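The values are calculated or read from the model by the stated rules, or taken from the named source; none is laboratory data. This structure is a prediction, so every number in the text was calculated from the model and none was measured. As a convention, Cβ positions derive from the backbone with ideal geometry for all residues, glycine included, and neighbour counts pool all protein chains shown. Heads up: the accessible areas ignore ligands, DNA and RNA and are worked out on the full protein's heavy atoms, side chains in. Shrake-Rupley method; radii C 1.70, N 1.55, O 1.52, S 1.80 Å.
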Amino acid sequence: MRKTFTPNQKAHVALFALKGEMSVSQIASENEVHPTQVKQWETIAKDGLPTLFADKRKNESKDLQEKIDQLYKII
């Protein structure tokens, strides 16, 4: 049977990997995860960090302006 992990568990493992205080194999054995999975979750966390700090207001205003422009074209 395949073991499933919650997003919180994945984040916990990824944070340990990002800290670098323990080796990947140590993290994997403590959390009962394959070392490859630890590296994958670490990579996902690294890739996702910049989006956490993106200014979402700019994206919303840009989307809103595009919708307004489309409506003006229709009219």
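Quick notes
- The chain: Lys pairs at Cα distance under 27 angstrom, eight or more positions apart or on different chains: 17
- Based on DSSP H segments of at least four residues, each scored -39500 (n - 2.57), the chain has a per-residue ellipticity at 222 nm of -25000 deg cm²/dmol.
- Accessible surface calculations at 1.4 Å, restricted to protein heavy atoms, place the chain at 88 Å² per residue.
- In a DSSP loop and with at most 13 other Cβ atoms within 10 Å, the GluC sites (Glu not before Pro) in the chain are GLU21, GLU32.
- Positive dipole terminus of the chain, leading residue within ALA11, SER25, PRO35 (C-beta point charges): ALA11
- Per atom type, the chain shows carbon and sulfur on 57% of its accessible surface, probed at 1.4 Å.
- Stretch in the chain that is longest and holds no chymotrypsin sites (Phe, Trp or Tyr not before Pro) that DSSP places in a loop and that have at most 16 other beta carbons within 10 Å: 6-52
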